């Protein structure tokens with residue numbers, strides 16, 4: 001048996017023009033409030049991304065140390081996380097495929113290399129992004145992001 005279509009069900013098939021207009025206005029208001037807050041802080045976003053990348057690199061360095069007994073040397077650098085070092089303290093149990101997911105050492109958000117020292121001045125190793133100016137020191141958008149200052 002085929003159900004019959006009643007006249008009062010025909011109007012309930014979709015959104016009315018007024019409902020769509022209300023949704024569009026609400027989305028426009030939200031975009032007007034949120035987008036300027038996000039777009040006005042690109043340097044803060046880059047600093048946050050740099051901090052997150054340093055934390056990720058620290059995790060990879062800890063895995064490297066667990067497998068090999070020590071951190072890569074300054075000479076071996078962060079490249080030791082993607083390619084088995086053949087100089088200095090050559091790791092005996094280097095993980096096949098490396099310690100970084102994408103198979104390459106990331107650059108900081110300003111397209112500079114992270115600075116890696118092992119042993120570090122502030123700990124077993126130091127990991128630094130020099131910020132937007134790419135040189136040590138600075139404040140605001142030029143502020144250095146240091147591994148030993150992260151929580």
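Things worth noting here:
- Selection from the stretch 64-84 of residues that are surrounded by fewer than 19 Cβ atoms within 10 Å (Cβ to Cβ) and either touching a strand residue (DSSP E or B) at 6+ places or on another chain (Cβ under 8 Å) or in a loop (DSSP other than H, G, I, E, B) (or both): 69, 70, 73, 74, 75, 77, 82, 83, 84
- Matching entry among 100, 61, 48 (being under 24 Å from residue 151 (Cα atoms) and in a loop (DSSP other than H, G, I, E, B)): 100
- The condition of being assigned to a loop (DSSP other than H, G, I, E, B), surrounded by 14 or more Cβ atoms within 10 Å (Cβ to Cβ) and under 15 Å from the mean Cα position of the chain (by Cα) holds for only one of 109, 91, that being 109.
- Residue in the stretch 119-136 that is more than 25 Å from residue 41 (Cα to Cα), buried (at least 17 other Cβ atoms within 10 Å of the Cβ) and either at pLDDT 95 or above or under 17 Å from the mean Cα position of the chain (by Cα) (or both) present: yes
- Unique match (being more than 27 Å from residue 109 (Cβ to Cβ), outside any helix (DSSP H, G or I) and at pLDDT below 75) among 12, 8: 12
- Verdict on residue 18 being more than 26 Å from residue 148 (Cα to Cα), modelled with pLDDT under 90 and either within 22 Å of the chain's Cα centre (by Cα) or not in a helix (DSSP H, G or I) (or both): no
- Qualifying residue in the stretch 74-94 (condition: in contact (Cβ under 8 Å) with a residue 24 or more places away in the chain and under 21 Å from residue 45 (Cβ atoms)): no
The values are calculated or read from the model by the stated rules, or taken from the named source; none is laboratory data. Bear in mind the structure is a predicted one, so any value in this text is a computation, not a measurement. Reconstructed Cβ throughout: ideal geometry from the backbone, glycine too, with neighbour counts over all protein chains shown.
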